[in-house]
Amino acid sequence: MQKNKYIVSKTKLMTNNDILKKLRVALKLRDDDIIKILALVDFRVSKSELGAFFRREDHPKYVECGDQILRNFLNGLVIHLRGPMPPKGEKKTPK
């Protein structure tokens with residue numbers, strides 16, 4: 001019986017870095033795009049800081065992506081894809 005080489009170990013959980021990497025690939029985002037998305041929620045990050053998140057875990061300059069960075073990226077991604085939220089008093093206009 002041949003083992004499937006694509007099965008991921010059940011004990012390895014996805015890290016924030018893995019989630020960020022997968023979203024980057026799935027949405028075809030470049031570093032500049034991610035920096036702009038983070039800027040939408042007033043979160044500043046440099047290209048070198050961002051590059052450290054996408055390195056392999058065994059690389060000396062690898063940095064773990066914290067919850068705050070991932071949360072801000074997801075909030076910025078919502079704004080990037082949907083547009084900014086209208087003020088509370090305004091009604092949404094249909095397209």
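Quick check on the range 16-82: what are the equivalent-ellipsoid semi-axes from the Cα gyration tensor, as sqrt(5λ), descending, whole Å?
In descending order the semi-axes read 19, 12, 11 Å.
Can you pull the one-decimal nm distance between simple spin-label points at Val78 and Ser46, each 7 Å off the Cα toward Cβ?
3.1 nm
Read the figures in this text as sums done on the coordinates, not as results from a lab. None of these values were measured; they are calculated from a predicted model. Neighbour counts are summed over all protein chains in view; Cβ atoms, including those assigned to glycine, are modelled from backbone coordinates with ideal geometry.
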